[in-house]
2 protein chains.
Amino acid sequence: MIPNEITIKSDRIYEGKMIQLRVDTVLLPGEKQATREIVEHPGAVAIVPITEDNKIIMVKQFRKPVESILLEVPAGKIDKDEEPLSCAIRELKEETGYEAKNMQFLFSFYTSPGFSNERIYLYLAKDLIKGKASPDEDEHIEMECIDMDKLVSMVYDGKIKDSKTILAILAAKDLLK
Amino acid sequence: MIPNEITIKSDRIYEGKMIQLRVDTVLLPGEKQATREIVEHPGAVAIVPITEDNKIIMVKQFRKPVESILLEVPAGKIDKDEEPLSCAIRELKEETGYEAKNMQFLFSFYTSPGFSNERIYLYLAKDLIKGKASPDEDEHIEMECIDMDKLVSMVYDGKIKDSKTILAILAAKDLLK
């Protein structure tokens, strides 16, 4: 039997723009106590926009926490009261300009359940219609269209470093083979 | 050209047991400023221990940030000055009791590069030798050995919710097919 951890105290540490931090004190079996550091996140979506010739529309941006430019699938934070599907449609349009006639929910996942509740909803976007991108004011994004087989090699070569992107590419390959 | 974000101010908010939080003020093109909330993490390893009959040794544990029991591949935080490979050998032994005669590094990835620098090094563990698990005092872990094809269906059925685990299962399926 795996015991649940009952919260006996919860300290709010930081209320930020994107994340909040709290530290919970929990009760473990045998009256033992432990603390859990928890980063609260509003959740996000990620989209695999796939063209008819098996290319994926990717985006590149500078990611401050890792001090590098990462190649990723389009993604973004869910706004307050926004449905994940609406968010996926909005983010795809904002970051790439594309709209999808066919937007299919695949599954959702927690990015770092050891210290955060961030949950990402993953979508496969097909039957794409090209338009004009309109990224947020402080987002600097470049778009790149890359063959799926090439992306899979880039995963194993260590050239793609973002976990949702690796997961999305491997799922797309597995589903569309 | 994607601009780097130059730090002009960095505020330390919280120094925890597992994570630290800081808020950087960065300079964007056009003299614009923005803040970036960054969770510092020591890094971790994840291991796909695969048996000769194509089963993966999985672990189940309660994850406080998401208030649920998750099925995951064995994993753990890298200790100070520890090499990822040593950490992978140690965590596999602690969480499952198994040792691997063949431990192969696959690639590494960032779990949430939008707000954290957490990096996970992924290993494939083969030629397993059974032993006795010895989890940390406040870890309550159950082990389960599950067929790889079953795990892949569980991913698409939404029954596996941890991103490193989904990524690891899809990579193992792709590499070992």
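None of the figures in this text is laboratory data; all of them are computed from the coordinates on show. The shown structure was predicted, so the numbers you read here are calculated from the model rather than taken from an experiment. Heads up, the Cβs are rebuilt from the backbone with ideal geometry, glycines too, and the neighbour counts pull from every protein chain shown.
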- Message: On alpha carbon coordinates alone, what is the Rg over Rh value for the range B:44-175, Rh being the Kirkwood radius?
- Response: 0.93
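Using the Cα centre as the reference, give the magnitude of the dipole from point charges on the C-beta atoms of the protein assembly as shown (Lys, Arg: +1; Asp, Glu: -1; all else neutral), rounded to the nearest 20 debye. Could the numbers behind the result be given before it?
Numbers: 50 positive and 64 negative charges, 68 e Å.
Magnitude of the dipole: close to 320 debye.
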- For chain B, find the longest principal axis of its Cα atoms and tell me its angle to the long axis of helix B:84-96, 0 to 90°, nearest 10. 50
- Query: Can you give me the relative contact order of the range A:1-106 as a percent, contacts being Cα pairs under 8 Å and 6 or more apart?
  - Reply: 17
- Message: Please compute the contact order of chain A in relative form: average sequence separation of alpha-carbon pairs under 8 Å and at least six residues apart, divided by the residue count, as a percent.
- Response: 22
- Message: If you average the C-alpha positions of the range A:1-58 and of the range B:118-161 separately, how far apart do those two centres end up, in angstrom?
- Response: 20
- Note on the structure: Projecting the Cα atoms of B:Ser86, A:Pro3, A:Leu124 onto the charge dipole of the protein assembly as shown, where Lys and Arg contribute +1 and Asp and Glu -1 at Cβ, the residue farthest towards the positive end is A:Leu124
- For A:Val45, what is the net charge nearby, where nearby means another residue's Cβ is under 14 Å from its Cβ and Lys, Arg count +1, Asp, Glu -1? -3
- For B:Glu83 and A:Val23, what does the FRET efficiency come to when R0 = 30 Å and r is the distance between their Cβ atoms, rounded to the nearest 0.05? 0.50
- Note on the structure: Beyond 37 Å, the calculated P(r) of the protein assembly as shown holds a percent of Cα-Cα pairs equal to 17
- Task: Give the angle, between 0 and 90 degrees and rounded to the nearest 10, that separates the Cα long axis of helix B:163-176 from the longest principal axis of the Cα atoms of chain B.
- Result: 50
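Helix-only mean residue ellipticity at 222 nm, chain B, DSSP H runs n ≥ 4 weighted -39,500 (n - 2.57), per residue, nearest 500. What is it? Mind dumping the intermediate values first?
Details: 3 runs with 36 residues, N = 177.
Rounded to the nearest 500, the figure is -6500 deg cm²/dmol.
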- Name the long-range amide H neighbours of B:Ser116: under 5 Å, sequence gap of 5 or more, or other chain; modelled H, no Pro or chain starts. B:Val39
- Please give the net charge around B:Ile13, taking every other residue with its beta carbon less than 9 angstrom from that of B:Ile13, where Lys and Arg add +1 and Asp and Glu add -1. -1
- Message: Please report, for B:Glu142, the nm distances (one decimal) from its label point, 7 Å out from Cα along the beta-carbon direction, to the equivalent points in the remaining copies, shortest first.
- Response: 5.0
- Note on the structure: Exposure-ranked with fewest Cβ neighbours within 10 Å first, A:Ile47, A:Ile169, A:Ile13, B:Ile8 stand as B:Ile8, A:Ile13, A:Ile169, A:Ile47
